[in-house]
Structure formats: structure tokens, C-alpha cells
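In what follows, a single structure is set out as C-alpha cells and then discussed.
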Amino acid sequence: SGDAGTDRVISGLDFTPDLVWVKERTSTSEHQLTDSVRGVTKRLHSDNTGAEDTSTNSILSFNTDGFNIGNSGAFNASGDTYVAWNWKAGTAFSNDASATGVGSIDSAGSVNTDVGFSIINYTGNGTAGATIAHGLSAAPEMIITKGRNASANPWYTFHNSVSSGYLTLSNTNALTTSDAQIVFGNGSTAVSPTSSVFTIGTFAGINENTKDFIAYCFHSVDGYSKFGSYTGTGNADGPMVYTGFRPAFTILKRTDAS
């Protein structure tokens, strides 16, 4: 619950978060995504295509048990309520593509191989089929990307269940397949991630030359996370979707219609 205070501690996580996703529940503020790779006070908004912005009253620090916030209305308006989803990466990652021979674009960020999650920053080169090391021990099953510098860059999202195309987190569109080869692809075909890299095409929203991008990469881990698909039945008691554990956070997106 917000109190309009400054430098307020939100605690109880039992770990230091590397990605904090905040949404005001009682008002119409945008979704707020801040991560340790881009740095505190740096925000992206999953419900729009805007560039990264800076707010000195947003998330001020990542702590061993949570995070500090200022009095931004999107984080801490008096009397309003909020939800925060938090992920730990925690291990620094850096890949010099020319030195390691892994990928064609340098990447750096924070990785947690135990839970299949990484935050990767890279700079686009505008080349079809560019490859980027993600730091995980298995191929990502979902990758959420966002251009940091320019407005009007959609949140291009890869999901292994619909690898022939892509989704966009920031709008209601169905799966898009017509441009898959120049979003997550080599210019002629869509290309799924491997255990070491993911592939991007020439769309400015994912690979504009000299522009910075962030990618959140995930793969399933037994008992922790699961990525998959199901077909609806239209029944009030619909299909059982097996995950192997009780989920605390579920994201659903229809793929065959907007």
C-alpha cells in the first residue's frame, strides 16, 4: 500500500531482486519494469512501446531482502495499492563474441542458471541472423525483448510453443508469422534459440544498428517454472494445464486471435 513517502523499503523477498515489475492496482499507472542490468531509476513499460525513461522517485535501490522506492505515483501514491513481481538473476555475465566465438553480437547482463532466467543487454548491428549469447544452460523457451533508446519499438516476444512467429507484449495482436524471419530469424526463416544463443533479424525494434536492447530470457525448470500452450474448449470447466507445481504467477496470451 502506498504512503507517498520517500526512500521507502519494500522487504520480505529473502533475496536481492534483479528484475522488479510493478503495477498500481487502484489507478491507471503504466506497468513499471526496472532491472539491475539497466540500473535503478530506469523504467520500461510493458503496456506501451515507449523508450526507457528515468524517474528518480521510482526504484532507488535493490536490497538483500527487497527494494527501495520513492514517491512516484506509479510506485507509492498515498492510499493506492500495488503488486510487485520479482526475479533473481544475480550472477554477472559477459560475452565478447569475437573472443569466444559464441554469437555475433556482444552481450552482458545477469544470469541465474538454477532457475532458467537471464537479463541480457546488447547493441544492435542491423544484420540479419545476428546471434546473441543468453548465458543460460538450456535454450530459452520465452524471450521478451525491448529497445531501450527509441519510442515505437514493440516488445517482441518469442515463445517456444509458437516458434513460427512472434507475439508483442505491448498490444493485443495475435501471433504474427509474416515477419518472423526478420524478427527472430535469419532473414529467410524463423530460427529458434539454442542452448547458447538466440537469433534476431533486421527489424529496427529488435536489431537497429547502434541502439541498445534488453532481453529477458526464460526456460522451464522442474518445480519452478513452465512454458507451454493449450487449446481452449469454451467450457466453464475448461482444460487442465499441467505444470507439475502450483504456480504463483501465470501469464496467458491467446495466439490465434487478438
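The values are calculated or read from the model by the stated rules, or taken from the named source; none is laboratory data. Being a predicted model, the structure only gives us computed values, none of them experimental. Note that each Cβ is placed from the backbone with ideal geometry, even for glycine, and that neighbours are counted across all protein chains shown. Side chains included, ligands, DNA and RNA excluded: accessible areas come from the protein's heavy atoms. Shrake-Rupley method; radii C 1.70, N 1.55, O 1.52, S 1.80 Å.
Here is how the numbers come out for the structure above:
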{"item": "Matching strands (runs of 3 or more DSSP E) fully within the stretch 15-109 where at least 2 residues are in contact (Cβ under 8 Å) with a residue 24 or more places away in the chain and under 30 Å from Gly124 (Cβ atoms)", "result": "19-24, 32-35, 59-63, 82-87, 91-95"}
{"item": "Residue within the stretch 197-213 that is β-branched (Val, Ile, Thr), in contact with a Pro (Cβ under 9 Å, 6 or more places away or on another chain), part of a strand (DSSP E or B) and open to solvent by 10 Å² or more (accessible area, probe 1.4 Å) present", "result": "yes"}
{"item": "Out of Asn153, Asn207, Asn186, Asn160, sole residue that is at pLDDT below 95, under 26 Å from Val102 (Cβ atoms) and either within 18 Å of the chain's Cα centre (by Cα) or not acidic (Asp, Glu) (or both)", "result": "Asn153"}
{"item": "Of all residues making up the stretch 116-142, the number that are in a strand (DSSP E or B), out of contact with any His (no Cβ under 8 Å at 6 or more places or on another chain) and open to solvent by less than 10 Å² (accessible area, probe 1.4 Å)", "result": "6"}
{"item": "Matching entry among Val191, Val221 (being open to solvent by less than 70 Å² (accessible area, probe 1.4 Å), of a type outside the set (Phe, Trp, Tyr), in contact with a Gly (Cβ under 6 Å, 6 or more places away or on another chain) and over 24 Å from Asn125 (Cβ atoms))", "result": "Val221"}
{"item": "Top-ranked residue of the stretch 230-258 - restricted to ones that are of a type in the set (Ser, Thr, Tyr) and surrounded by 12 or more Cβ atoms within 10 Å (Cβ to Cβ), ranked as nearest to the chain's Cα centre (by Cα)", "result": "Thr255"}
{"item": "Any pair with Cβ under 7 angstrom, 6 or more apart, that starts in the stretch 215-229 at a residue that is closer than 17 Å to Ile200 by Cα and of a type in the set (A, V, I, L, M, F, W, C) and ends at one that is at pLDDT 95 or above and assigned to a loop (DSSP other than H, G, I, E, B)", "result": "Cys217/His134; Cys217/Leu136; Cys217/Pro140; Phe218/Gly116; Phe218/Pro140; Phe218/Glu141; Phe218/Phe227"}
